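These notes are about the structure you will find just below.
No lab work stands behind these numbers, since they all come straight from the coordinates. The structure presented is a predicted model; accordingly, all values stated were derived computationally and were not measured. Cβ: placed from backbone, ideal geometry, glycine included. Neighbour counts: every protein chain shown.
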Amino acid sequence: MASLTLSGVHKSYGSTVALAPTDFEVPHGEFVTLLGPSGCGKTTLLRIVAGIASASGGEIRLGGRRIDTLPPEQRDVAMVFQTYALFPHMSVRKNLGFGLRMKKVASAEQARRIEHAVAICKLDGLLDRMPRQLSGGQQQRVALARAIVMQPALLLFDEPLSNLDAKLRESLRDELVALHRRVGTTSLYVTHDQTEAMAMSDRILVMNAGRIVESGTPLALYRRPVDAFTAHFLGHTHLLRLPVTGRGKDCRVSLPWGASAAIDDLADGADSALVSLRPEGLSVVPDADGAGEVTAASFTGAQVNYTVRIADLSLRITVTAGDGTRLLPVGQRVNVAVGERLHALKSTGQDSGHEARA
Amino acid sequence: MKNASAADNRAHLVAWALLLPGLVFLGALFAGPLLWSLAGSLGLDQGLAGFTLEHYAQIFTRPALRSGLLVSIYYGVAPVAVTLVLSIGLALLLRRHFRGRAWFNGLYKIPMAVPGIIAALVVMTLAERGGFLDRLAAPLGLALPRLVRDPWGVGVILTSVWKQLPFMTLVITGAFAAIPQEVSHAARTLGAGRWRTLLWVELPMALPGISAAVLLTFIGTMGSFAIPDLVGPPSPRPLAVHMYAEFGSGHLPLVYAIGMLLSAFAVAVLLGYYALSARAARLLGGSARKDDHE
């Protein structure tokens, strides 16, 4: 059972903290993603686990064995890089066999594992090519196969899809998910792309400014984020600080355009609450005397995106486009309704810039 | 169609006209003297009737000259081999971060600016019997072996290495720096330790740069005159030194012949290198070298 456990792992350069003391666990066979904006320390964390960067302190265990004191070649991890990092002077076959040769795997076993990896990564017919003769997608498949043949206890991915074009990225993403289901290797994946993270992961660790802000399943993090940063980073949202009216069970927040809405998770005695309004959690109601006005409308097929100017805010509202949906024209007066129960968010202070800016 | 070919011709003419200054320059300063030397070495400066291979024959029959060719090759190969090992070590050291690295990085390049003859004089003052090092070692009861004008040409090798080291290190450092870090990191996570990563991944990837540096320094030292003349043993001497001696005694055709032989050897090595790297490029399915021209 190879689960990965980090306790108190941290990294600083002089007085600059790149990574605050971090604890987390990736249970055996789980696919966990570190998600965050660039510079949040996610790649540093991954490189520390791989052993190609050193931590300033803390402990890393893989399958119960302490690995942070070992050099990368003894850690039983394999890594897939954003730039593919294939060996340009070796054929695909030699690339795939490199790690096996280094680990002195018997040649019959080498051949068996390479054959297996070629089959699942769809590399038939490419074995005798050189890396530069392959497309980006093919190169990344080779890199993936090169990691899989090692049968590592842990697979690490450093934004492996970022260099590919959109369509290829999506298909390779689905292949990666299918592959993980088949092989079941414990995996730690780094990305700044929230769609990628939500589509692939069993669990997401949201990172910001060198620390893990929140963790949970993609569904839980999207629907009921605890931290304002998570709400803001996953999907599109408007973060608003709203005054609280009433007490106890009748507790509500007043919306800037006059209406009020029920709220959960409010701290005792708080007189204001930070809430997240998702574009799909809002709806527009045409009303000649409405407080808002449609300033932009775009039809994208499955949905309509409106921008509504209301109470000095510019709100993005997404409406599912059914058969009978009528497109509201720009200039139409509307009211905005909140369709879901709101809940109060915790703010770690890193996101104050987004607050109330909508 | 006719118009098109006329335009083509005009374009060709313009291209040649633009190339002309360059061609004249190359012809006057490079091809001309080379052809003149070739003619002189064959006795053709006396007219067609003067044709002879005698001067070339001399190189291979006079013992001093015959060994001169071998010594030239030796003075080309030995310093380059020593420099190569030292430069790779230095380049690896310079990849790491240590205190004073920036200083060191600037200082090691100084010998590049020092002429060979000065380098030879420096080595003479340092390593000559009764020189600086000898006097330092004497109180300790140590006697230095003969390092200047010694039969093995240690003085020549020492000086050439001192002179070549910066250039070779510069090129090799560049070749290593051009390797993406991720590739080395990938090798590490795939089970290769530091040394095996160097041997199987980094050195092969740096090879085009390394071999070019080796070739250039080899050709440079093989023809060098000042260093072997000053710190080399009186006998045997390399061809370049013989050339100077023969020039002094007015045997111009022989000087031409030796010069042609040295040039031919350098060109042969160069062609061999191109053939090898072209073959390597084919084997690699077109290596990075080809990339440069695309």
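A few points about this structure:
- Each part gets one Cα centre, and for segment B:156-186 versus segment A:67-131 those centres are 29 Å apart.
- Residues in segment B:227-247 reached by a label modelled at residue B:73 [backbone nitrogen below 17 Å; 7 Å Cα→Cβ]: B:236-240
- The mean sequence distance of close C-alpha pairs (under 8 Å, at least 6 residues apart), as a share of the length of chain B, puts its relative contact order at 26 percent.
- Candidates A:174, A:76, A:323: whichever shows maximal mean-square fluctuation once chain A is modelled as a Gaussian network with Cα springs under 10 Å: A:323
- Assigned charges on the beta-carbon of Lys, Arg, Asp, Glu; chain B dipole about Cα centre (debye): 880
- Separation of the residue B:196 and residue A:38 label points, Cα + 7 Å toward Cβ, nm: 3.5
- Expected 222 nm ellipticity per residue - DSSP helices of 4 or more, -39500 (n - 2.57), all of chain B, to 500: -23500 deg cm²/dmol
- GNM top mover of B:235, B:87, B:72 - chain B, alpha-carbon springs below 10 Å: B:235
- For segment A:51-116, the list of chymotrypsin sites (Phe, Trp or Tyr not before Pro) that fall in a loop by DSSP and count at most 11 other C-beta atoms within 10 angstrom is empty.
- Cβ-based exposure ranking for B:163, A:104, A:11, in which fewest neighbours within 10 Å come first: A:104, A:11, B:163
- Dipole axis of segment A:197-252 (+1 Lys, Arg; -1 Asp, Glu on Cβ), positive-most option in A:233, A:243, A:205: A:243
- For a straight C-alpha distance cut-off of 26 angstrom, the lysines reachable from residue A:104 (same-chain residues fewer than eight places away being disregarded) are A:94, A:122.
- Per-residue Cβ neighbour counts within 10 Å put A:69, A:33, A:245 in the sequence A:69, A:245, A:33, beginning with the fewest.
- 24 Å tail of the calculated P(r), chain B, as % of Cα pairs: 66
- Inter-label distance, nm, simple model (7 Å from Cα along the C-beta direction), residue A:326/residue A:311: 2.7
- Theoretical FRET efficiency, 1/(1+(r/R0)^6), r = Cβ-Cβ of residue B:85 and residue B:34, R0 25 Å, to 0.05: 0.10
- Residues A:299, A:233 arranged by fewest to most Cβ contacts within 10 Å: A:299, A:233
- The modelled label-to-label distance for the pair residue B:181/residue A:270, using points 7 Å beyond Cα in the direction of Cβ, is 4.0 nm.
- Cα centroid separation, segment B:227-262 to segment A:182-240: 76 Å.
- Farthest towards the positive end of the charge dipole of chain B, among the residues B:281, B:247, B:65, is the Cα of B:281, using unit charges on the Cβ of Lys, Arg, Asp and Glu.
- Nearest-0.05 FRET efficiency for residue B:140 and residue A:129, computed from C-beta distance (R0 45 Å): 0.10
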